[in-house]
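The values are calculated or read from the model by the stated rules, or taken from the named source; none is laboratory data. Since this is a predicted model, take the numbers as computed values, not measurements. Quick reminder, even Gly has a Cβ in these numbers, built from the backbone with ideal geometry, and neighbours come from all protein chains shown.
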Amino acid sequence: MNPLAVGVDIGGTKIDLVLLDTSGTVHAEHRLPTLAAEGPAAVLDRVADGITRLLQDAPGPVSGIGIGCPGHVDPVSGVVRTAVNLGWTEVALRQEVLNRLLVDLPIACDNDVNAAALGEYYFGAARGLGDLVYLAVGTGLGAGALVNGHIVVGAGASAMEVGHLSFDPGGRLCRCGGHGCAEMYVAGVGLIAGAKEHRPDYPDTILPAEAAPSDILAAARAGDALACTVMNEAAVTLGQIMACCASLFDPAALVIGGGLGLAAADLLIDPAQEAMRQRVLPDVADSVRVVRSGLERIALGAACLAFEAQRETNPCG
Ligand SMILES: [Zn+2]
């Protein structure tokens with residue numbers, strides 16, 4: 001039987017768990033509410049309960065556990081620092097989960113976007129392509145890169161923080177305190193800010209005063225000039241980020257994911273690819289495939305963190 005691992009995706013609203021084998025077959029799954037307002041201990045209790053339940057359902061021995069978590073996650077120490085949408089400032093994720101389990105299994109932890117990037121390589125749109133960049137366009141903008149099949153972590157576990165890469169230090173104020181960060185143009189917070197900023201120039205817009213990203217997408221598809229301006233800014237900024245990633249990593253695939261990235265794929269991907277093409281060597285642009293995410297859920301990528309850890313400790317296994 002193929003090796004099994006538990007994958008856990010700790011999201012802002014739900015904890016998603018799968019029992020996965022290395023062929024991609026899901027043997028069991030479970031979902032729990034995150035209820036982050038109850039504090040880290042209660043969330044960790046639920047994570048451990050979910051893992052225990054899947055271990056009980058396992059048809060064979062489980063080799064490890066992978067956990068994807070939002071925020072700044074150090075994969076070496078297993079400590080999460082500053083996970084804003086969970087309200088966590090410093091949580092020893094690996095140790096706290098291990099303390100709550102009755103079995104001693106290796107636990108691999110990483111940022112949820114890195115887990116998704118690895119999942120795209122194992123089971124998603126970039127299957128088998130060990131050099132890839134994954135861009136998660138959601139409320140904010142996250143990214144993960146794989147080089148030769150390995151997640152790029154960085155010296156301080158902060159590699160690929162492209163959401164706060166600024167192309168205009170005099171630009172829009174970001175929630176990080178900086179100005180002109182990419183996510184203030186391309187992600188949900190950016191679309192909302194863009195619609196507000198440009199509204200005075202478009203008195204005839206059909207957009208409501210408090211437009212949500214979904215309103216902006218719908219209005220852009222209906223040809224509304226304000227919404228088109230906002231989406232054009234988003235696409236160009238995404239293209240600038242893609243150009244940076246393509247030039248730095250020469251990836252075989254650039255995978256566009258995230259809730260907004262998928263919902264707006266028809267409006268974003270082609271113009272972003274064109275904006276990238278204008279900014280890189282033709283060979284670089286020609287060699288990268290820009291594709292939509294093909295990973296069904298991040299928990300699958302989280303299980304891949306465990307497979308990967310296993311492979312690194314036992315490369316012949
Ligand atoms: Zn920022």
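Within the range 80-128, restricting attention to residues that are over 18 Å from the mean Cα position of the chain (by Cα) and free of Cβ contacts under 8 Å to residues at least 24 places away in the same chain, which residue is nearest to residue 295 (Cα to Cα)?
Filtering first and then ranking leaves 128.
Search the range 175-203 for residues being among the hydrophobic types (A, V, I, L, M, F, W, C) and under 15 Å from residue 256 (Cβ atoms), and hand back the single one that is farthest from the ligand (Cβ to nearest atom).
The selected residue is 186.
Take residue 216 and decide whether it is buried (at least 21 other Cβ atoms within 10 Å of the Cβ), hydrophobic (A, V, I, L, M, F, W, C) and either within 16 Å of the ligand (Cβ to nearest atom) or touching a residue at least 24 places away in the same chain (Cβ under 8 Å) (or both).
yes
Checking residue 167 against (1) more than 16 Å from the ligand (Cβ to nearest atom); (2) on the phi < 0 side of the Ramachandran plot; (3) surrounded by fewer than 21 Cβ atoms within 10 Å (Cβ to Cβ), which test does it fail?
Result: residue 167 fails condition (1) only.
Per-residue answers, yes or no, for (1) touching a helix residue (DSSP H, G or I) at 6+ places or on another chain (Cβ under 6 Å); (2) under 16 Å from residue 21 (Cα atoms); (3) among the polar types (S, T, N, Q); (4) not in a loop (DSSP other than H, G, I, E, B):
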site: 51; (1), (2), (3), (4): no, yes, no, yes
site: 82; (1), (2), (3), (4): no, no, yes, yes
site: 97; (1), (2), (3), (4): yes, no, no, yes
site: 102; (1), (2), (3), (4): no, no, no, no
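When you scan the range 180-215, how many residues do you find that are over 20 Å from residue 236 (Cβ atoms) and among the acidic types (Asp, Glu)?
3
Does residue 306 fit the bill of being touching a residue at least 12 places away in the same chain (Cβ under 8 Å), within 25 Å of residue 16 (Cα to Cα) and out of contact with any Cys (no Cβ under 9 Å at 6 or more places or on another chain)?
Working: touching a residue at least 12 places away in the same chain (Cβ under 8 Å): yes; within 25 Å of residue 16 (Cα to Cα): yes; out of contact with any Cys (no Cβ under 9 Å at 6 or more places or on another chain): yes.
In short, yes.
Return a yes/no flag: does the range 70-89 have any residue that is in contact with a Phe, Trp or Tyr (Cβ under 7 Å, 6 or more places away or on another chain), within 16 Å of the ligand (Cβ to nearest atom) and assigned by TED's automatic domain parsing to the domain that holds residue 15.
Among the residues of the range 70-89, at least one is in contact with a Phe, Trp or Tyr (Cβ under 7 Å, 6 or more places away or on another chain), within 16 Å of the ligand (Cβ to nearest atom) and assigned by TED's automatic domain parsing to the domain that holds residue 15, which makes the answer yes.
Within the range 43-57, identify whether any single residue is in contact (Cβ under 8 Å) with a residue 60 or more places away in the chain and not aliphatic (A, V, I, L, M), and answer yes or no.
no
Could you check residue 116 against (1) more than 20 Å from residue 245 (Cα to Cα); (2) in a helix (DSSP H, G or I) and say which number it fails?
(1)
Could you tell me whether the range 240-252 includes any residue that is in the same structural domain as residue 159 (by TED's automatic domain parsing), part of a loop (DSSP other than H, G, I, E, B), buried (at least 19 other Cβ atoms within 10 Å of the Cβ) and of a type outside the set (Lys, Arg)?
Applying the first criterion (in the same structural domain as residue 159 (by TED's automatic domain parsing)) to the range 240-252 yields 240-252.
Next, only the ones that are part of a loop (DSSP other than H, G, I, E, B) stay: 250-252.
Next, only the ones that are buried (at least 19 other Cβ atoms within 10 Å of the Cβ) stay: 251.
Now restrict to residues that are of a type outside the set (Lys, Arg): 251.
Within the range 240-252, one or more residues are in the same structural domain as residue 159 (by TED's automatic domain parsing), part of a loop (DSSP other than H, G, I, E, B), buried (at least 19 other Cβ atoms within 10 Å of the Cβ) and of a type outside the set (Lys, Arg).
Tell me, please, whether a residue that is hydrophobic (A, V, I, L, M, F, W, C), surrounded by fewer than 19 Cβ atoms within 10 Å (Cβ to Cβ) and not in a helix (DSSP H, G or I) can be found in the range 260-273.
No, the conditions are met nowhere in the range 260-273.
Considering (1) outside the structural domain of residue 10 (by TED's automatic domain parsing); (2) crowded, with 19+ Cβ neighbours inside 10 Å; (3) of a type outside the set (Gly, Ala, Ser), say which one residue 96 fails and leave the rest.
Going through (1) outside the structural domain of residue 10 (by TED's automatic domain parsing); (2) crowded, with 19+ Cβ neighbours inside 10 Å; (3) of a type outside the set (Gly, Ala, Ser) one by one, residue 96 breaks only (1).
Does residue 272 satisfy the condition of being assigned by TED's automatic domain parsing to the domain that holds residue 134 and touching a Leu at 6+ places or on another chain (Cβ under 8 Å)?
yes
So, in the range 155-177, how many residues would count as being farther than 16 Å from residue 237 by Cα and either in contact with a Gly (Cβ under 9 Å, 6 or more places away or on another chain) or in contact (Cβ under 8 Å) with a residue 40 or more places away in the chain (or both)?
5
What is the residue count in the range 274-317 for residues that are more than 14 Å from residue 133 (Cα to Cα), within 18 Å of the chain's Cα centre (by Cα) and exposed (fewer than 15 other Cβ atoms within 10 Å of the Cβ)?
Result for the range 274-317: 1.
Can we say residue 23 is farther than 28 Å from residue 246 by Cβ and touching a residue at least 60 places away in the same chain (Cβ under 8 Å)?
Working: farther than 28 Å from residue 246 by Cβ: yes; touching a residue at least 60 places away in the same chain (Cβ under 8 Å): no.
Judged against the criteria, residue 23 is not a match.
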